[in-house]
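Computed from the coordinates by the stated procedures, all read-outs in this text should not be read as laboratory data. What you see is a predicted model, and the numbers here were worked out from it, not measured in a lab. Please note: Cβ atoms are built from the backbone with ideal geometry, for glycine as well, and neighbour counts cover all protein chains shown.
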Amino acid sequence: MNLQETIDLTVSILDDGKAKDIETLDVAKICSFADAMVIATGTSTTHVKALGNAVAQAFKDAGEPPMGVESGPEPDWLLVDLGDVVVHVMTESARAHYALEKLWSVVPSDKQ
């Protein structure tokens, strides 16, 4: 599966699961471990866990299992590592606190 197909499937699964504020960030120029990040908001820790598990399962079913899935027992943030794409599913409060969009939108001066 190429990068765009991975992003499209991820966004589709999150949208089907009623995730809010789904955003895709191109981080290829500022990151060595991924080319894109998909960030979405779940309405509760249960919703966050269900969304992350749905993304992981969809890629397992497609024959491309995630490299890893990380979360706590009552996750306010769940990460799915799909290789070139890293998926972050967060509660609204965690997303506001960590502000990943702001963090990953900074381009180092030597990369411009």
Original post:
Given the Cα-Cα distance of Asn53 and Glu70 and 0.36 nm per residue of separation, how much length would full extension add, in nm?
Top reply: 5.1 nm
Subject >> Proximal aspartates and glutamates relative to Lys20, as straight alpha-carbon distance under 17 Å, when same-chain residues fewer than 8 apart are discounted >> reply: Asp8, Asp76, Glu92, Glu101
**OP:** Arrange Leu78, Leu103, Leu25 by Cβ neighbour counts within 10 Å, fewest through most, would you?
**Re:** Leu103, Leu25, Leu78
**OP:** Grab the DSSP H runs of the chain that are 4 residues or longer, score each as -39,500 (n - 2.57), total them, divide by all residues and round the 222 nm result to the nearest 500 deg cm²/dmol.
**Re:** -11500 deg cm²/dmol
**OP:** Determine which lysines satisfy two conditions relative to Lys60: a Cα distance under 18 Å, and not lying fewer than 8 residues away in the same chain.
**Re:** Lys49
Subject >> Filtered trypsin sites (Lys or Arg not before Pro), the range 4-96: DSSP coil and at most 16 other beta carbons within 10 Å >> reply: Lys18, Lys29
Original post:
Using the Kirkwood radius built from alpha carbon pairs, what does the Stokes-Einstein equation give as D for the range 19-64 at 25 °C and 0.890 mPa s, in µm² per second?
Top reply: 204
Subject >> Karplus-derived HN-Hα couplings along the range 70-85 (A = 6.51, B = -1.76, C = 1.60, θ = phi - 60°), whole Hz, x at Gly and Pro >> reply: 10, 6, x, x, 10, x, 9, 8, 10, 10, 10, 9, 9, x, 6, 10
Original post:
Which percent of Cα-Cα pairs in the chain sits in each 5 Å bin, short to long?
Top reply: 2, 13, 24, 25, 19, 10, 4, 2, 0
